[in-house]
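Shown next, in structure tokens, is the structure this report addresses.
The values are calculated or read from the model by the stated rules, or taken from the named source; none is laboratory data. Quantities reported herein were computed from a predicted structural model and do not represent experimental measurements. Counting neighbours? That spans all protein chains shown, and the Cβs are built from the backbone with ideal geometry, glycine included. Surface areas here come from the heavy atoms of the whole protein model, side chains and all, with no ligands, DNA or RNA. Shrake-Rupley method; radii C 1.70, N 1.55, O 1.52, S 1.80 Å.
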Amino acid sequence: MRKALRGLLVLTVLIGTLSTAGTATAGPAEAHRTARTTGTADENKDILDRLLAIPGMSLVQEKPYTGYRFFVLNYTQPIDHRHPSKGTFQQRITVLHKDTARPTVFYTGGYNVSTTPSRREPTQIVDGNQVSMEYRFFTPSRPDPADWSKLDIWQAASDQHRIFRALKRIYGQKWISTGGSKGGMTATYYERFYPRDMDGVVAYVAPNDVVNDEDSAYDRFFAQVGTKECRDRLNAVQREALVRREPLEKKYEQYAADNGYTFTTIGGLDRAYEAVVLDYVWGFWQYSLLKDCDTIPADAAHATDDAIWDSVDGISGFSAYTDQGLETYTPYYYQAGTQLGAPTIHFPYIEKKYVRYGYQPPRNFVPRSIPMKFQPWAMRDVDTWVRRHANHMLFVYGQNDPWGAERFRPGPKARDSYVFTAPGLNHGANVAGLVADEKALATARILDWAGVASATVRANPSAARPLARFDAKLDRRDVERDMTLRP
């Protein structure tokens, strides 16, 4: 864990760069989509020298990749952007550098940042640079000591704002922000609070839980997703796992003992077991495709205990709600229980006697030593802003992804903004998976927002294609699978 206080000299330099980080902007952004001052950095300097000349920036590691330079960096951030003199922490970012003359994509997944070179879909489309940010409070980007009240969507958006302001002096062309799932939410919140920064937003599979206590959209989704045959198979396995609770929990006890797992945070093995089982159907549709129904036991009532265990473990993961499984994701569950909201669904095909706890709230997944209080206005504010002021925003969802049941919907006052759904796809939906005309339009708009659309594409969006060739090692297309129900 990084130390929060980095010395008086660093703090003094930091305060001098914070003049614009303290105020959220809520109005329309059209008037601000203009050229910005890019600074007077010496273009002849090595790119690493230019990056390290930014106050508060330090190098962790440089990794080679053909055609690029890839840097893992630390950037000094205030713990509280409203009160920057009250301490700092080191936030990890990466830079995939191609050319300062190219546009830049600002990516965050909303969790830890990967230190392996990768290129997100918009980066391939515009053939640009990519800056990736680790979300605050995900280690090692966590203040020490950790004041959890400073983990909120405005503080995180302000982290991005300061990074953008610092790097815009070097990467002076247009910028596109992007992210998938919680990262798509993060890109949207950033746009809401700092609409002057980015030239466009591409938000993938971003949930939008406006009213935390009203989740009927999810129940409707699960009543019709896929085919009846597939739904019946999944429901039967989930029910059977609860019917056989006693023998399977004995297996769980041995599994936990063998791996050193504990259950203090959630409150016991029984609660953890039910949480894993109740994630099963959701987890299948989040990560799998309809064709994968063939892997689900067809006759759950007559399947062996091992077959039921293996199916649930393969989709939900019995390590997910252990203390060890929850620890990495404490910042997410904290935010879900304070601002983001969390879904609650029902199980009409399972008798009530088998369900002891139901979908448990995020409070159950965060250590009790961390105080939490829900702010119901936070998501309503963002939703209202998107409906009224969205500009240059693209939302992409998967038809069979549960998280898309509650989604962002720009209203009639939005400008040059779109919501597209990829048929048959899950939580890994992307532009490439859209139907042909929507794929072309989405690609054309991204190119235009990034300032690299050709005259042909501007006149005929159907001609739009990614500017960079697909690289199997660099371009990440599959949904990032982790074994707990979270976006």
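The criterion of at least 3 residues that are among the aliphatic types (A, V, I, L, M) is met, among helices (runs of 4 or more DSSP H) falling completely within the range 196-271, by 228-243, 245-259. In the range 366-401, which residues are touching a Phe, Trp or Tyr at 6+ places or on another chain (Cβ under 8 Å) and surrounded by fewer than 15 Cβ atoms within 10 Å (Cβ to Cβ)? The answer is PRO371, and nothing else. All of ASP270, ASP215, ASP279 fail the test of being in contact (Cβ under 8 Å) with a residue 60 or more places away in the chain, in contact with a Ser or Thr (Cβ under 6 Å, 6 or more places away or on another chain) and under 16 Å from ALA320 (Cβ atoms), apart from ASP279. Per the conditions (1) under 21 Å from ALA390 (Cα atoms); (2) part of a helix (DSSP H, G or I), the sole criterion not satisfied by GLY411 is (2).
In summary, helices (runs of 4 or more DSSP H) completely within the range 278-336 and bearing 1 or more residues that are out of contact with any strand residue (DSSP E or B) (no Cβ under 6 Å at 6 or more places or on another chain) and surrounded by fewer than 17 Cβ atoms within 10 Å (Cβ to Cβ) occur at 305-315, 323-327.
Kindly provide the set of residues from the range 437-453 that are within 17 Å of ASP127 (Cβ to Cβ) and out of contact with any helix residue (DSSP H, G or I) (no Cβ under 8 Å at 6 or more places or on another chain), ordered by number.
Passing the criteria: TRP449, GLY451.
Answer yes if at least one residue in the range 81-89 is in contact (Cβ under 8 Å) with a residue 24 or more places away in the chain, touching a strand residue (DSSP E or B) at 6+ places or on another chain (Cβ under 9 Å) and among the basic types (Lys, Arg), and no otherwise. So that I can check it myself, show each step before the final result.
Taking the range 81-89 and keeping what is in contact (Cβ under 8 Å) with a residue 24 or more places away in the chain, we get 81-82, 84-85, 87-89.
Remaining after also requiring touching a strand residue (DSSP E or B) at 6+ places or on another chain (Cβ under 9 Å): 84-85, 87-89.
Filter once more, so that each one left must be among the basic types (Lys, Arg): none.
Checked against the condition, which is being in contact (Cβ under 8 Å) with a residue 24 or more places away in the chain, touching a strand residue (DSSP E or B) at 6+ places or on another chain (Cβ under 9 Å) and among the basic types (Lys, Arg), the range 81-89 yields no hits at all.
Residues in the range 402-417: is at least one open to solvent by less than 60 Å² (accessible area, probe 1.4 Å), at pLDDT 95 or above and over 27 Å from ASP215 (Cβ atoms)? Yes, the range 402-417 contains at least one residue that is open to solvent by less than 60 Å² (accessible area, probe 1.4 Å), at pLDDT 95 or above and over 27 Å from ASP215 (Cβ atoms).
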